[in-house]
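Q: My structure is below; once you've seen it, I'll send some questions.
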Amino acid sequence: MDSRTVALIRTTFKAVAAEEGGSEKLASSFYATLFSDFPHARDFFPAAMDAQRDRLVRAISYTLDRLEEPDKLLPFLAQLGRDHRKYGVQAEHYVAVATSLKTAMRRFADTEMWTDEVDQAWDEGLAVISETMIGAAEQETTPAVWSGTVVEQRTVLRNLTIVRLMMDQPMSYAAGQYVSVQVPSRPRMWRYLSPAIPANADGEIEFHIRGVMGGWVSPAIIGQTKVGEQWLLGSPLGGLGVPRNTKRKMLMVCCGSGIAPLRAQLMTMAHRRVNPNVHLFVGGHHPCDLYDLETLNALAVANPWLTVTPVTENDDNPWWYTPPEEPAPDLPGLEPRITGQIGKVVAAYGPWSDRDVQIVGSPSMVQTTKFRLMAAGTQTRNIRHDPLF
């Protein structure tokens with residue numbers, strides 16, 4: 001696509017989304033059109049659509065912002081195409097989605113704005129997206145979906161649990177990637193989780209799940225997961241990871257269960273002969289949120305290239321936390337804990353201009369940390385994180 005085509009697509013989308021309630025109206029109109037004109041598509045979606053509507057607009061915005069970066073966008077769309085095989089999606093379903101989205105856009109766009117040229121631009125843009133996803137799905141030879149049996153469920157905090165599964169067949173994911181997961185108690189509600197250990201030939205996989213207030217899936221996982229139940233997993237997604245033989249130093253920043261994909265990468269790097277220096281800042285609201293420090297300490301003690309700095313916003317634990325009866329172990333491999341907001345702490349600790357940066361956490365934490373690092377002189381192109389939708 002040329003720059004004018006991209007500009008026309010972005011301009012019309014932003015004009016619609018910027019109106020009062022525009023994003024909500026666009027999403028509602030899209031799904032109403034899709035389910036009315038293509039009723040068979042309803043089977044691909046959960047009964048409760050609130051979260052799905054919000055996710056749609058964020059995904060569209062993320063994609064449109066990268067239309068002029070094909071080297072980043074096309075691999076991302078290819079991953080999505082491979083992942084969407086888990087729904088049983090076929091080429092005609094992409095046509096239905098593209099048609100419904102364009103209809104919804106045209107319905108809310110200003111009449112004078114929606115010219116023949118704009119109409120053609122949307123056709124071209126949607127064709128690129130659809131064809132990339134369809135092509136990747138058709139060329140993929142791995143399973144459309146994996147299944148795994150829960151072999152361990154361990155409650156770490158009242159709102160955080162660790163679940164280990166044994167896959168029906170090993171999944172070849174890269175440390176740092178994430179996968180979509182469906183649990184028995186929430187059919188058709190797929191949620192993204194990051195494996196906390198590297199892929200292995202035995203087919204073991206581990207997830208760290210923190211409950212989201214008001215969420216549909218994570219509270220169900222924490223409260224209802226039982227050993228022996230079957231989970232479904234989609235294809236690996238995401239581009240985090242440390243390439244072998246890289247010479248660039250690394251800065252890793254995470255909060256809470258965001259440690260999972262970084263931990264998996266560090267475990268992978270620990271098996272390499274040579275690694276760049278890595279400084280990991282692991283944060284939480286309270287000291288008890290730093291639940292995986294023993295593992296990080298063992299990694300830091302065994303690997304001199306790794307520095308780990310714990311950060312918490314508060315010095316005291318919450319009232320509901322009951323400390324373990326055994327005294328806390330000595331953790332000589334860690335830096336002293338710092339009190340403060342993690343983005344501010346990391347930015348002040350720098351400069352980090354010589355580092356490649358990975359940030360993992362909630363969307364607000366990722367954005368805040370990213371902006372603080374950029375303000376401190378870190379180049380945007382050196383900062384990576386997963387899509388925030």
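The values are calculated or read from the model by the stated rules, or taken from the named source; none is laboratory data. Every value quoted in this text rests on a predicted model; they were computed, and no experiment measured them. Methodologically, a virtual Cβ is constructed for each residue, glycine included, from the backbone with ideal geometry; neighbour enumeration extends over all protein chains shown. What goes into the accessible areas is simple: the full protein's heavy atoms, side chains included, and nothing from ligands, DNA or RNA. Shrake-Rupley method; radii C 1.70, N 1.55, O 1.52, S 1.80 Å.
Q: State which residue is nearest to Tyr192 (Cα to Cα) when the search covers only region 65-107 and only residues that are open to solvent by less than 40 Å² (accessible area, probe 1.4 Å), in contact (Cβ under 8 Å) with a residue 60 or more places away in the chain and among the hydrophobic types (A, V, I, L, M, F, W, C).
A: Filtering first and then ranking leaves Leu80.
Q: Just to be sure before I move on: is Ala328 among the small types (Gly, Ala, Ser), without any contact (Cβ under 8 Å) to a residue 40 or more places away in the chain and within 25 Å of Ser172 (Cα to Cα) in the structure I sent?
A: no
Q: In addition: Return the residues of region 194-207 that are open to solvent by 10 Å² or more (accessible area, probe 1.4 Å) and in contact (Cβ under 8 Å) with a residue 60 or more places away in the chain; say none if nothing qualifies.
A: Ser194, Ile197, Pro198
Q: Please verify whether Gly343 is modelled with pLDDT under 95 and out of contact with any strand residue (DSSP E or B) (no Cβ under 7 Å at 6 or more places or on another chain), treating the condition exactly as stated.
A: No, not satisfied.
Each row is one residue, and each column tells you yes or no for (1) touching a strand residue (DSSP E or B) at 6+ places or on another chain (Cβ under 6 Å); (2) at pLDDT 95 or above; (3) among the acidic types (Asp, Glu); (4) more than 16 Å from Ala174 (Cβ to Cβ).
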{"site": "Tyr192", "(1), (2), (3), (4)": "yes, no, no, no"}
{"site": "Pro195", "(1), (2), (3), (4)": "yes, yes, no, no"}
{"site": "Trp216", "(1), (2), (3), (4)": "no, no, no, yes"}
{"site": "Pro219", "(1), (2), (3), (4)": "no, no, no, yes"}
{"site": "Val227", "(1), (2), (3), (4)": "yes, yes, no, yes"}
{"site": "Ser235", "(1), (2), (3), (4)": "no, no, no, no"}
{"site": "Leu240", "(1), (2), (3), (4)": "yes, no, no, no"}
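Q: Counting only residues that are of a type in the set (A, V, I, L, M, F, W, C) and in a helix (DSSP H, G or I), which one in region 219-266 is most open to solvent (accessible area, probe 1.4 Å)?
A: Of everything passing the filter in region 219-266, Ile222 is most open to solvent (accessible area, probe 1.4 Å).
Q: Across region 123-145, what is the number of residues that are out of contact with any helix residue (DSSP H, G or I) (no Cβ under 8 Å at 6 or more places or on another chain) and either surrounded by 18 or more Cβ atoms within 10 Å (Cβ to Cβ) or among the aliphatic types (A, V, I, L, M) (or both)?
A: The qualifying residues number 1.
Q: So is Thr115 touching a helix residue (DSSP H, G or I) at 6+ places or on another chain (Cβ under 7 Å) and either open to solvent by 30 Å² or more (accessible area, probe 1.4 Å) or among the hydrophobic types (A, V, I, L, M, F, W, C) (or both) or not?
A: So Thr115 fails the test.
Q: Related question: Can you give me the number of residues within region 229-246 that are on the phi > 0 side of the Ramachandran plot and of a type in the set (Lys, Arg)?
A: Qualifying residue count, region 229-246: 0.
Q: Inspect region 322-331 for any residue being part of a helix (DSSP H, G or I), touching a helix residue (DSSP H, G or I) at 6+ places or on another chain (Cβ under 8 Å) and either at positive phi or loosely packed, with under 15 Cβ neighbours inside 10 Å (or both) and give the result as yes or no.
A: Within region 322-331, not a single residue is part of a helix (DSSP H, G or I), touching a helix residue (DSSP H, G or I) at 6+ places or on another chain (Cβ under 8 Å) and either at positive phi or loosely packed, with under 15 Cβ neighbours inside 10 Å (or both).
Q: Could you figure out which of (1) of a type in the set (A, V, I, L, M, F, W, C); (2) under 19 Å from Thr142 (Cα atoms); (3) open to solvent by 30 Å² or more (accessible area, probe 1.4 Å); (4) touching a strand residue (DSSP E or B) at 6+ places or on another chain (Cβ under 9 Å) isn't true of Val156?
A: (2)
Q: Does His279 satisfy the criteria of being in contact with a helix residue (DSSP H, G or I) (Cβ under 9 Å, 6 or more places away or on another chain) and open to solvent by 10 Å² or more (accessible area, probe 1.4 Å)?
A: Answer is yes for this residue.
Q: Show the residue pairs meeting these rules: Cβ distance below 7 Å; 6+ apart or different chains; first residue within region 310-323 and farther than 20 Å from Leu296 by Cα; second residue charged (D, E, K, R) and open to solvent by 70 Å² or more (accessible area, probe 1.4 Å).
A: Once the first residue is farther than 20 Å from Leu296 by Cα and sits in region 310-323, its partners that are charged (D, E, K, R) and open to solvent by 70 Å² or more (accessible area, probe 1.4 Å) give Trp320/Arg158.
Q: Here's a follow-up. Report yes if Val282 is in contact with a Cys (Cβ under 9 Å, 6 or more places away or on another chain), within 28 Å of Gly377 (Cβ to Cβ) and not in a helix (DSSP H, G or I), otherwise no.
A: Answer is yes for this residue.
Q: Which of the residues belonging to region 302-312 are open to solvent by less than 90 Å² (accessible area, probe 1.4 Å) and out of contact with any strand residue (DSSP E or B) (no Cβ under 7 Å at 6 or more places or on another chain)?
A: Ala302, Asn303
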